[in-house]
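Asker: Structure incoming, see below.
The values are calculated or read from the model by the stated rules, or taken from the named source; none is laboratory data. Quantities reported herein were computed from a predicted structural model and do not represent experimental measurements. Here the Cβ is made from the backbone with ideal geometry for all residues, glycine too, and neighbour counts use every protein chain on show. Keep in mind that these areas ignore ligands, DNA and RNA; they rest on the heavy atoms of the full protein, side chains included. Shrake-Rupley method; radii C 1.70, N 1.55, O 1.52, S 1.80 Å.
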Amino acid sequence: MGIADSQFITLQGCTLANCGDNGVLITRSSDCLIEGNHVFGAVAGSGIFVTGASDRVTLRGNFSHDNASQGIDLVGGASGDNVCSQCVIERNLCASNLNVGIRFGSVRDSDLRNNLVRHNGGFGIELSDAAQGTGFGSLNNRLLHNTVLFNSGQGQAALALLNVSTGNTISNNVLVGGAK
């Protein structure tokens with residue numbers, strides 16, 4: 001399912017299974033609501049992938065699991081101002097994805113709250129510059145009331161702040177396990 005160059009789109013209550021690349025792809029779009037979807041088995045990508053400097057995207061109550069990359073992936077991308085901003089990621093379940101449970105790459109002024117992230121292969125939650133370079137770290141986000149769980153020796157760190165990702169507020173989260 002792809003949403004590009006659009007505004008005020010709602011995707012609600014859908015099942016997206018065994019997609020060739022990403023389950024849901026949102027690029028260069030704003031004011032979108034992705035809610036209550038079941039996304040799994042993305043063969044080459046993420047369950048839900050938001051990119052292309054998309055702003056004010058809300059991802060709420062989705063179940064994203066067993067995907068070849070991230071469960072939920074927000075990356076600023078190489079268009080517009082190269083950052084995603086003012087997004088809300090809440091009450092999602094990201095489980096058993098090959099890489100990161102939830103990744104913020106060049107994301108600014110956004111809320112990540114009340115999510116359950118468990119048993120993913122990479123980091124539980126990652127904030128970084130998504131390889132865009134100096135000046136594109138994930139800044140001024142709020143990570144509140146999230147739970148990250150790993151089986152013993154599984155995955156990487158429960159939370160990773162990389163590549164000049166500063167000014168973030170991290171409060172009242174439960175972070176358990178990780179191999180590193």
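Asker: Calculate the dipole size of the chain relative to its Cα centre from +1 charges on Lys and Arg beta carbons and -1 charges on Asp and Glu beta carbons; express the result in debye to the nearest 20.
Answerer: Result for the chain is approximately 380 debye, rounded to the nearest 20.
Asker: Then there is this: Using a 1.4 Å probe on the protein chains only, how many percent of the accessible area of the chain belongs to carbon and sulfur?
Answerer: Carbon and sulfur atoms account for 50 percent of the accessible area of the chain.
Asker: Using 0.36 nm per residue, how much length does the chain from V43 to V164 gain when fully extended, once their Cα-Cα distance is taken away?
Answerer: Here the segment from V43 to V164 would lengthen by 40.5 nm.
Asker: Something else: What list of ³J(HN,Hα) couplings, whole Hz, do you get for segment 2-15 from phi and the Karplus terms 6.51, -1.76, 1.60, once you set θ to phi - 60° and write x for glycine and proline?
Answerer: With coefficients 6.51, -1.76 and 1.60, one gets x, 10, 9, 6, 10, 9, 6, 9, 10, 10, 9, x, 9, 10 Hz.
Asker: Quick one: accessible surface of F150, probe radius 1.4 Å, all protein chains present, in square angstrom to the nearest 10.
Answerer: The value for F150 is about 20 Å².
Asker: Between D109 and S152, what's the calculated FRET efficiency when r is the beta-carbon distance and R0 is 41 Å? Round to 0.05.
Answerer: Here the calculated transfer efficiency is 0.70.
Asker: I would also like to ask the following. Any chance you could tell me what percent of the C-alpha pair distances in the chain go past 28 Å?
Answerer: Looking at the chain, the distances longer than 28 Å represent 12 percent of pairs.
Asker: How much accessible area per residue does the chain have, in Å², with a 1.4 Å probe?
Answerer: 40 Å²
Asker: Taking amide H atoms as placed 1.01 Å from N in the peptide plane, list the residues 5 or more away in sequence, or in a different chain, whose amide H sits under 5 Å from that of I3.
Answerer: Under 5 Å from the amide H of I3: L25, I26, T27.
Asker: Using the basic label-point model (7 angstrom from Cα toward the beta carbon), what is the S6 to R91 distance in nanometres?
Answerer: 2.3 nm
Asker: Applying a 10 Å radius around every beta-carbon, put 70-77, 2-9 in order of their mean neighbour count, most first.
Answerer: Output ranking for 70-77, 2-9: 70-77, 2-9.
Asker: Using a simple charge model, +1 on the beta-carbon of Lys and Arg, -1 on the beta-carbon of Asp and Glu, nothing else, what dipole does segment 55-147 show about its Cα centre, in debye to the nearest 20?
Answerer: It comes to approximately 260 debye.
Asker: Would you work out which of G45, L112, T58 lies farthest towards the positive end of the dipole of segment 1-128? Charges go on Cβ: Lys and Arg +1, Asp and Glu -1.
Answerer: The one lying farthest along the dipole's positive direction is L112.
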